[in-house]
Amino acid sequence: MSGCAEVADNGAAISVTGITRDFDAGGQVLRVLHGIDLDVTAGQLTYLVGESGSGKTTLISIIAGILYPTEGCVRVFGTDIYSLSDRKLVEFRLTTIGFIFQQYNLIPTIDAASNAAVPLIAQGMDRLEATDRAHAMLERLNIGDQARKLPNQLSGGQMQRVAIARALVHEPRLVVCDEPTAALDAKSGRRVMDLLRDVAVASDRSVIIVTHDNRIFDLADRILVMEDGRITHDGTEVPTLER
Amino acid sequence: MIWIAIRMLTGDRQKFYGLVFGIAFSTLLITQQLTIFVNLINRGATAVHNIATVDVWVMDPVSRTQDVIYPMPSTALDQVRSVSGVAWAVPHLRANAAVRTPDGDLEGVTVVGIDDSTLIGLPPTMIAGTRDQLMVPNTVFVDGVGRTRLFAEDIDPIGARLELNDQRAVVRGIVDVDPSFTSQVVLYTRYSNALNYVPGTRNRLSFVLARAAPGVTPEELVRRIESQTGLKARTRTDFAQDGVDFIIENTGIPINFGITVVLGFVVGIAIVGLTFSLFIRDNIKQFGALKAIGVHNGKIRMMVAAQAGLVGLIGYGLGVLMATLFISIGGATSVDFKGFYTPWQIPLLTLVGVALIIFATGWLALRRVLKTEPAAVFR
Ligand SMILES: Nc1ncnc2c1ncn2[C@@H]1O[C@H](COP(=O)(O)OP(=O)(O)OP(=O)(O)O)[C@@H](O)[C@H]1O
Ligand SMILES: [Mg+2]
């Protein structure tokens with residue numbers, strides 16, 4: 001059973017206790033996460049690295065409130081998110097969590113600025129004001145001049161930055177990114193990471209990043225390594241083996 | 001969010017036009033087929049519809065419709081006239097005959113005999129000639145079907161001679177009426193003339209057409225006539241319905257055509273449903289992403305409802321417009337569609353069908369987004 005009824009709040013920004021997740025793989029139960037325990041401190045940039053299929057996307061989806069764990073407790077800034085009603089959980093995501101999907105998931109028929117403005121529009125902000133703010137965010141990500149283009153007129157790296165702008169535009173306290181720099185050159189990648197650092201360094205916020213990108217490992221405050229559904233390393237550097 | 005929903009819908013021009021076209025085409029198919037069906041069936045009663053001033057049709061008890069008739073003795077007319085509540089009553093004859101055309105061809109026709117003194121029973125509008133010309137001896141009027149069937153297009157039928165039962169007849173007018181179910185040629189003439197044109201037995205009177213006196217309802221008059229005379233009497237609306245029912249019960253056409261209409265309805269609705277659910281399916285990841293970002297189910301439903309409403313209204317509107325154009329152009333250019341109209345129930349039925357299917361399929365296609373955890377949508 002998921003939920004935090006038997007887990008005391010330890011005050012961590014994000015607190016994950018005993019998380020498992022099973023998938024149904026052709027009639028067989030496939031356990032992808034094996035009892036993950038993890039606390040994330042506010043004001044830190046946390047990396048999650050590991051081989052493909054090790055369960056990184058599954059874990060951060062659970063942390064971001066878009067995938068129910070089979071068992072265990074997730075607290076985000078003190079809220080036991082999987083005890084919330086579906087509607088309350090959706091509202092919680094809208095105000096508190098920014099998610100950067102591995103496949104961007106932009107809306108192809110609206111321009112970059114409107115895509116980036118979606119969370120603000122969903123919060124009820126006037127569309128023009130929301131688009132203005134989104135535009136400013138795109139400028140910080142160095143693609144202000146692409147704001148009027150549709151996603152299919154953008155390069156992979158530009159689309160990724162639009163997705164990042166969408167995750168940051170409403171200034172959520174928790175930002176979760178699945179491979180945010182994979183499609184970016186070194187310079188753009190660093191720029192994006194600097195921005196994410198700006199967000200994370202604030203004392204009441206947190207950023208968790210899934211990445212393979214060894215060019216940016218030096219920016220992490222903390223690096224977690226996942227193997228086969230378990231966290232096997234927790235430190236400030238990547239163990240050499242992983243390189 | 002509604003703005004985003006509309007952009008999702010219209011942003012991809014090709015898909016949007018495809019969707020609108022699919023709905024418009026289906027609407028056209030459904031409305032047009034139903035309209036033709038209803039109008040065709042109604043032609044089983046055109047003779048009744050064509051005479052507006054009559055309240056009650058009186059006939060032999062075994063007569064069934066305008067065309068299934070057992071003649072009565074001529075005394076029936078006086079019997080009806082003697083019933084209290086009858087304002088007036090006139091004789092009316094309908095019978096089949098063969099006519100020889102100017103070219104020497106033989107054509108089966110319906111001869112309609114109209115009361116000599118009042119001309120009650122003659123349809124009100126003329127395409128050519130005037131009503132009083134019917135008083136000239138040996139005159140017949142033809143209907144639109146007769147005009148095209150009996151005469152070549154470049155020949156003026158006015159003044160043309162026809163031969164009926166070895167009697168001479170001169171065409172002196174064309175009557176503006178809707179064709180009958182069988183599209184048989186109809187010749188109008190005075191009752192006394194008709195007796196000569198139609199070979200027959202002693203009893204020739206097909207109907208007595210009666211009008212109710214002020215304060216007497218047609219239904220009441222029917223009761224009085226039936227109880228006093230032993231004849232069969234029907235109100236105008238009931239008798240029109242008898243003609244329609246007879247066609248439905250006794251010809252295979254309504255059944256066969258009816259099946260086509262039902263198929264058209266099902267196919268049309270299926271096309272609408274499929275195109276719309278495909279559209280939603282195409283956008284399922286986007287809806288999933290919106291839910292992951294924090295758009296709740298109610299708002300997603302509203303977005304889809306806006307999309308359904310917009311595309312449905314445009315498609316349906318275009319479809320009904322096309323169907324109306326089709327019917328009115330057809331009615332203006334061809335006798336086969338003459339007098340066709342679209343009863344309001346048909347567009348309404350189509351609207352209900354289209355609306356139900358769009359919302360039902362939209363709902364079904366959305367279920368995955370509404371019911372599951374957002375991350376599952378991206379798989
Ligand atoms: N919905 C699902 N149904 C079945 N199996 C799933 C599902 N989601 C994930 N899995 C399985 O869970 C395992 C972990 O998947 P996950 O996407 O978390 O890996 P990852 O570490 O993010 O990999 P990558 O680096 O390639 O993105 C994989 O073996 C995957 O096949
Ligand atoms: Mg992944």
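The values are calculated or read from the model by the stated rules, or taken from the named source; none is laboratory data. Computed from a prediction, not measured in an experiment: that's the story for all the values here. All Cβ positions, even for glycine, are placed from backbone atoms using ideal geometry, and neighbour counts span all protein chains on display.
Cβ-Cβ under 8 Å, sequence separation 6+ or interchain: first residue in segment B:306-329 and in the same structural domain as B:V38 (by TED's automatic domain parsing), partner not polar (S, T, N, Q) and not in a helix (DSSP H, G or I). Which pairs?
B:I327/B:F340; B:I327/B:Y341
Among the numbered conditions (1) away from chain B (no Cβ under 11 Å); (2) assigned to a strand (DSSP E or B); (3) more than 16 Å from ligand 1 (Cβ to nearest atom), tell me where A:V74 comes up short.
Status for A:V74: all satisfied but (3).
Under the condition of being closer than 13 Å to A:R166 by Cα and of a type in the set (A, V, I, L, M), which residue from segment A:113-128 is surrounded by the most Cβ atoms within 10 Å (Cβ to Cβ)?
A:A116
When segment A:97-115 is examined, which residues are found to be more than 9 Å from every other protein chain (Cβ to nearest Cβ), out of contact with any Ser or Thr (no Cβ under 8 Å at 6 or more places or on another chain) and more than 16 Å from ligand 2 (Cβ to nearest atom)?
Hits for segment A:97-115 are A:D111, A:A112, A:N115.
Here's the yes/no breakdown for (1) touching a residue at least 40 places away in the same chain (Cβ under 8 Å); (2) among the aromatic types (F, W, Y); (3) buried (at least 16 other Cβ atoms within 10 Å of the Cβ):
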| site | (1), (2), (3) |
| --- | --- |
| A:V199 | no, no, yes |
| A:S203 | yes, no, no |
| A:G229 | yes, no, yes |
| A:E237 | no, no, no |
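Kindly indicate which of A:A167, A:A130, A:A163, A:A112 is under 18 Å from B:I4 (Cβ atoms), touching a Pro at 6+ places or on another chain (Cβ under 9 Å) and either of a type in the set (K, R) or within 16 Å of ligand 1 (Cβ to nearest atom) (or both).
Criteria check complete, one pass: A:A163.
Do we find that A:T131 is within 13 Å of another protein chain (Cβ to nearest Cβ) and free of Cβ contacts under 8 Å to residues at least 60 places away in the same chain in this structure?
Taking the combined requirement at face value, the residue satisfies it.
Tell me the residue from B:G268, B:G264, B:G315 that is at pLDDT 90 or above and not β-branched (V, I, T), please.
Answer to the check: B:G315.
Looking at A:L48, A:L67, A:L30, which is the one that is within 16 Å of ligand 2 (Cβ to nearest atom) and touching a Phe, Trp or Tyr at 6+ places or on another chain (Cβ under 6 Å)?
Residue meeting the stated conditions: A:L30.
Checking A:S52 against (1) within 12 Å of ligand 1 (Cβ to nearest atom); (2) hydroxyl-bearing (S, T, Y); (3) not in a loop (DSSP other than H, G, I, E, B), which single condition isn't satisfied?
The failed condition is (3).
Sort out which residues of segment B:52-61 are among the hydrophobic types (A, V, I, L, M, F, W, C) and surrounded by fewer than 20 Cβ atoms within 10 Å (Cβ to Cβ), and write them in order of number.
Listed by number, the list holds a single entry, B:A52.
Applying the selection to segment B:1-46, what residues are within 14 Å of chain A (Cβ to nearest Cβ) and either closer than 30 Å to B:F239 by Cα or surrounded by 21 or more Cβ atoms within 10 Å (Cβ to Cβ) (or both)?
Result: B:I4, B:A5, B:M8, B:L9, B:L19.
So is B:G215 more than 28 Å from B:I248 (Cα to Cα) and in contact (Cβ under 8 Å) with a residue 12 or more places away in the chain or not?
Here the answer is no, as B:G215 does not meet what is asked.
Which residue pairs have Cβ atoms closer than 7 Å, lie 6 or more positions apart in sequence or on different chains, and pair a first residue in segment A:50-77 that is more than 14 Å from B:P374 (Cα to Cα) with a second residue that is at pLDDT below 95 and near ligand 2 (Cβ under 9 Å from one of its atoms)?
Short answer, once both residue conditions are applied: A:G50/A:K56; A:K56/A:V210.
Just give me the residues in segment B:131-157 being of a type in the set (V, I, T) and loosely packed, with under 15 Cβ neighbours inside 10 Å, in sequence order.
Matches in segment B:131-157: B:V136, B:I155.
Show the residue pairs that are 6+ apart or on different chains and have beta-carbon atoms under 9 Å apart, the first residue being within segment A:1-20 and surrounded by fewer than 12 Cβ atoms within 10 Å (Cβ to Cβ), the second being among the basic types (K, R) and outside any loop (DSSP other than H, G, I, E, B).
So the pair list comes out as A:N10/A:R75.
Every residue, every condition in (1) among the polar types (S, T, N, Q); (2) not assigned by TED's automatic domain parsing to the domain that holds B:A169, yes or no:
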{"position": "B:R190", "(1), (2)": "no, no"}
{"position": "B:N196", "(1), (2)": "yes, no"}
{"position": "B:L205", "(1), (2)": "no, no"}
{"position": "B:A210", "(1), (2)": "no, no"}
{"position": "B:A240", "(1), (2)": "no, yes"}
{"position": "B:V262", "(1), (2)": "no, yes"}
{"position": "B:N283", "(1), (2)": "yes, yes"}
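To keep it simple, each residue is scored yes or no on (1) closer than 30 Å to B:I300 by Cα; (2) more than 16 Å from ligand 1 (Cβ to nearest atom); (3) more than 14 Å from chain B (Cβ to nearest Cβ); (4) at pLDDT 95 or above.
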position	(1), (2), (3), (4)
A:E6	no, yes, yes, no
A:A25	yes, no, no, no
A:T57	yes, no, no, no
A:L84	yes, yes, no, no
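Do any strands (runs of 3 or more DSSP E) lying entirely in segment B:78-139 carry at least 3 residues that are in contact with a Leu (Cβ under 8 Å, 6 or more places away or on another chain) and modelled with pLDDT of 85 or more, and which ones are they?
B:86-100, B:106-114
In segment A:202-215, which residues are out of contact with any Gly (no Cβ under 6 Å at 6 or more places or on another chain), away from ligand 2 (no atom under 16 Å from the Cβ) and not basic (K, R)?
The answer is A:A202, A:D204, A:S206, A:V207, A:N214.
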